[in-house]
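> Once you've had a glance at the structure underneath, I'll fire off some questions.
The values are calculated or read from the model by the stated rules, or taken from the named source; none is laboratory data. Computed from a predicted model, the values in this text were never measured in an experiment. Here the Cβ positions follow ideal geometry from the backbone for every residue, glycine too, while neighbour counts run over all protein chains shown. In case anyone asks, the SASA skips ligands and DNA or RNA and just uses the protein heavy atoms, side chains included. Shrake-Rupley method; radii C 1.70, N 1.55, O 1.52, S 1.80 Å.
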Amino acid sequence: ELTVYEAVRYSAKFRLPPDYSEAEIDARVTQTLKDLGLEGVAGQQIGSPEQKVLSGGQRKRVNIALELVTDPVILYLDEPTSGLAADDAASLITLLHDLTRATGKTIIMTIHQPAKDEYEKFSHALILGYGGVPMFYGPTSPDSYQFFSSWAQREGIDHRRWGIDKLPVENPRDMFGLITAREAPIYDQMKAQYGEAAQRAQARHAGAKLWNAEYFNDANPIPTYTKMYSGRRSVGTGEGRQGVPEGRPSTRGQFRLLFSRYFKTKIRDKVGTGILMLQAPIIGVLLAVVFGGQADEVPAWCLGALQQLAQ
């Protein structure tokens with residue numbers, strides 16, 4: 001029910017330090033909406049999937065704006081492109097990519113099988129196999145392509161059998177195809193040994209561990225591991241004390257903000273507020289209809305139940 005500007009401004013008011021003036025908060029909100037391409041819809045209500053006002057891509061960007069308005073150094077996003085059309089997903093990834101270049105922020109996100117253009121906008125990729133096994137960590141292009149292609153070229157894999165255009169691969173779709181190609185013979189071997197009891201999940205997990213061992217092999221011809229991994233580090237060896245300062249931020253004025261936000265929400269959600277206002281008298285009337293004509297003494301059925309409980 002809130003407009004885009006209102007929602008982002010409430011987020012800023014709750015989370016920015018208390019010494020920010022109203023003008024500074026307004027400037028921060030305006031700049032955030034501009035960075036995310038939302039200035040044109042700032043006055044529109046956000047809506048919902050059932051009552052659409054903004055598009056799916058715009059609603060995703062509003063979610064990101066709620067976090068970005070506090071100017072974080074690192075931003076974590078969990079599948080921000082899920083449920084979006086291809087054009088909206090590409091637009092969102094491009095926007096975040098440009099944002100990191102302009103502001104120097106680090107954005108870490110999970111994403112499933114991105115297209116080539118989107119995938120190569122990421123500076124680094126951590127590719128996890130079944131069970132959360134890390135198979136690769138390093139630059140997206142060309143390192144990830146070279147790493148997975150090196151196994152296929154070494155083993156003489158027929159890439160056409162797996163629908164792969166050529167070796168070495170040049171896009172993430174073919175790269176994921178090589179992961180499947182490595183799992184397939186493991187699964188076939190399990191079926192020959194265990195029959196119907198063989199599970200594809202076990203084959204996927206075994207394949208992921210093979211990729212993991214290959215990545216951490218110092219003799220690997222594609223030495224991404226040596227560039228990215230520096231070994232174990234000591235924890236807590238720094239001289240200066242770091243961490244969250246003692247105490248907590250002031251909550252003064254938050255009741256007023258919460259009341260203001262929920263008041264706007266309830267006033268604009270006329271159907272929901274009407275149901276909320278009517279349900280108490282309706283329930284009262286129903287209770288009166290059912291129990292109003294009874295005598296003041298305890299009903300016989302209730303006395304019988306109490307006697308059984310006492311026994």
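> Please verify whether ALA213 is of a type in the set (Gly, Ala, Ser) and at pLDDT 80 or above, treating the condition exactly as stated.
yes
> Further, regarding this structure: I need the full set of residues from the range 93-126 which are over 25 Å from ASP71 (Cβ atoms) and either over 19 Å from the mean Cα position of the chain (by Cα) or in contact (Cβ under 8 Å) with a residue 40 or more places away in the chain (or both), in order please.
GLN113, PRO114, ALA115, LYS116, ASP117, TYR119, GLU120
Each row is one residue, and each column tells you yes or no for (1) of a type in the set (Lys, Arg); (2) loosely packed, with under 10 Cβ neighbours inside 10 Å.
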{"site": "PHE263", "(1), (2)": "no, no"}
{"site": "LYS266", "(1), (2)": "yes, no"}
{"site": "VAL271", "(1), (2)": "no, yes"}
{"site": "PRO281", "(1), (2)": "no, yes"}
{"site": "VAL289", "(1), (2)": "no, yes"}
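> Scan the range 291-311 residue by residue and report those that are modelled with pLDDT under 85, open to solvent by 70 Å² or more (accessible area, probe 1.4 Å) and not charged (D, E, K, R).
Of everything in the range 291-311, those that are modelled with pLDDT under 85, open to solvent by 70 Å² or more (accessible area, probe 1.4 Å) and not charged (D, E, K, R) turn out to be PHE291, GLY293, GLN294, VAL298, ALA300, TRP301, LEU303.
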